[in-house]
Amino acid sequence: MAAKFLNGVRGACGTSRYSTRFEAPFLRAAPRKLLALIFSLLLSSCPKAEKTPASRDALILGFSQIGAESAWRIRNTQSVQESAKQAGIQLLFANAEQKQENQIKAIRSFIAYQVDVIAFVPIVVSGWDNVLQEARKAGIPVLVTDRKIDADESLYAGFIGTDSEKEGREAALFLLDKFAGRRKAGDLIRVAEFSGTVGSSVADGRAKGFRDIIEKEPEFEIFYSKSGDFMRSKGYELMRTLLENRPQIDVLFSHNDSMTLGAMDAMREAGLRPGEDIAIITIDAQQKAIDALKAGEVNCVIECNPNQGPLIMDIAKQLIAGGQTPRFIHVDEAVFREGDDLSVLPPRGY
Ligand code: GYE
């Protein structure tokens, strides 16, 4: 138990700080709260490990986050941390720094430490069955949050997150409306797509939802589609490279605001006016995207709600209390279009 526990902690740190030869017999019989203290102390020595103070008999939730690749992700993390504190839940937080193997190690460490509930954001849809079977064997319920997984549904207690296919459909519906005149004239409308992390449910869902509508319309052509991994720097590089050949680009459909902001920088450098020379539809609705919409530099912003913490904590408490919980919960999301009255919109908080 002690070696397994320390292995788990070692894994959570993504480092090999503890030799498996290290045996602490006292750990074998240590009560959970002592393990909690030791785990927290050990995990706190990990990069980016964070925990929240909680009452003595707090429910303990292990949360594996993918990283901090966008303003959206940072707000998502804050929502989980703030909600855990408000709910009186002890949070063990592990940042995977964009690596699935770090997520799997963190989940194993949560199992070793015997948390009450595990929640995680799966960076990609596949590769989770084994570790989820280990959690089930340990009798620990697992909540999948934000992104979806391709696994036997009996391996997890439920999903709380975004409906990415709906987000893709909303983007397409906006385009049909915005380009109605040019469609009547029989123009060819050329679309460049900057997609999110390859293999993630949100990139797959946004692409599918978009195509389910656009591919029925002969006037639209998705002539370019590449992953910018949800990152601003990659959005800039993709657009800078794309503009070198000066192709006809009528629309940029970008899977998140971070990539959009990078693409807009490249457009300006090339002497183009974002939102005018190239129409832009973007997803997340971080403050900078809303500000660009107000300034006419973006034409449609589709909200993807990062504030999932309260729901996660509510469902976690219901699970531990033995209550029936919904299998799938999609968070509420809006669409903001050019011409909308945005003056009533409260600050986005991310
Ligand atoms: O759109 C992006 C983040 O999983 C819905 O991941 C999330 C996406 C979001 O990096 O900004």
If each residue of separation counts as 0.36 nm, what is the full-extension length gain between Lys226 and Glu101 once their alpha-carbon separation is subtracted? 42.6 nm
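Please state the charge dipole magnitude for the range 244-288, taken about the Cα centre, from unit charges on C-beta atoms (+1 on K and R, -1 on D and E), reported in debye and rounded to the nearest 20. Numbers along the way, then the final one.
Details: 4 positive and 8 negative charges, 10 e Å.
Computed about the Cα centre, the dipole is about 40 debye.
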Taking the alpha-carbon centre of each part, the distance from the range 62-84 to the range 202-239 in Å is 25
In the range 197-266, the GluC sites (Glu not before Pro) that fall in loop regions by DSSP, at most 13 other Cβ within 10 Å: Glu215
At 0.36 nm per residue, and after removing the present C-alpha to C-alpha distance, how many nm does the segment from Asn130 to Lys208 gain when stretched out fully? 25.3 nm
About its Cα centre, what dipole magnitude does the range 164-304 give when the only charges are +1 on Lys and Arg Cβ and -1 on Asp and Glu Cβ, stated in debye to the nearest 20? 140
Convex hull of the range 233-338 built on C-alpha atoms - directionally averaged projected area, nm²: 8.0
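Across all directions of projection, what mean area in square nanometres is found for the Cα convex hull of the range 89-216? Write down the numbers at each step before the final one.
Working: hull surface 37.6 nm².
The Cα convex hull of the range 89-216, projected and averaged over all directions, gives 9.4 nm².
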Using the alpha-carbon centroid of each, what span in Å lies between the range 286-335 and the range 128-152? 21
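How high is the FRET efficiency from Glu219 to Asp152, r the C-beta distance, R0 41 Å, rounded to 0.05? Intermediate results must be reported in sequence, preceding the final value.
Values: r = 42 Å, r/R0 = 1.03.
Given R0 = 41 Å and the Cβ-Cβ separation, E is 0.45.
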At 1.4 Å probe size, put Glu153, Glu297 in order of accessible surface, largest to smallest. Glu153, Glu297
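Could you tally the net charge around Gln286, taking each other residue with its Cβ under 12 Å from the Cβ of Gln286, Lys/Arg +1 and Asp/Glu -1? The partial results should precede the final answer.
On the way: positive: Arg73, Arg75, Arg232, Lys288, Arg348; negative: Asp257, Asp284, Asp291, Glu303.
Net charge around Gln286: +1.
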What is the pair-distance distribution P(r) of the range 70-125, computed from all Cα-Cα distances in 5 Å bins starting at 0, with each bin given as a whole percent? 4, 16, 26, 26, 21, 6, 1
Probe radius 1.4 Å, ligands and nucleic acids ignored: give me the carbon and sulfur share of the accessible area of the range 92-226 as a rounded percent. 48
Flagged links, alpha-carbon separation over 26 Å, of Lys148/Lys178; Lys137/Lys317; Lys148/Lys234: Lys148/Lys178
How big is the range 164-304 by Rg and Dmax over its Cα atoms, in Å? 13.5, 38
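The values are calculated or read from the model by the stated rules, or taken from the named source; none is laboratory data. A quick note: this is a predicted structure, and the numbers were derived from the prediction, not measured. When we count neighbours, we look across all protein chains shown, and the Cβ atoms used for this are built from the backbone with ideal geometry, even at glycine. In case anyone asks, the SASA skips ligands and DNA or RNA and just uses the protein heavy atoms, side chains included. Shrake-Rupley method; radii C 1.70, N 1.55, O 1.52, S 1.80 Å.
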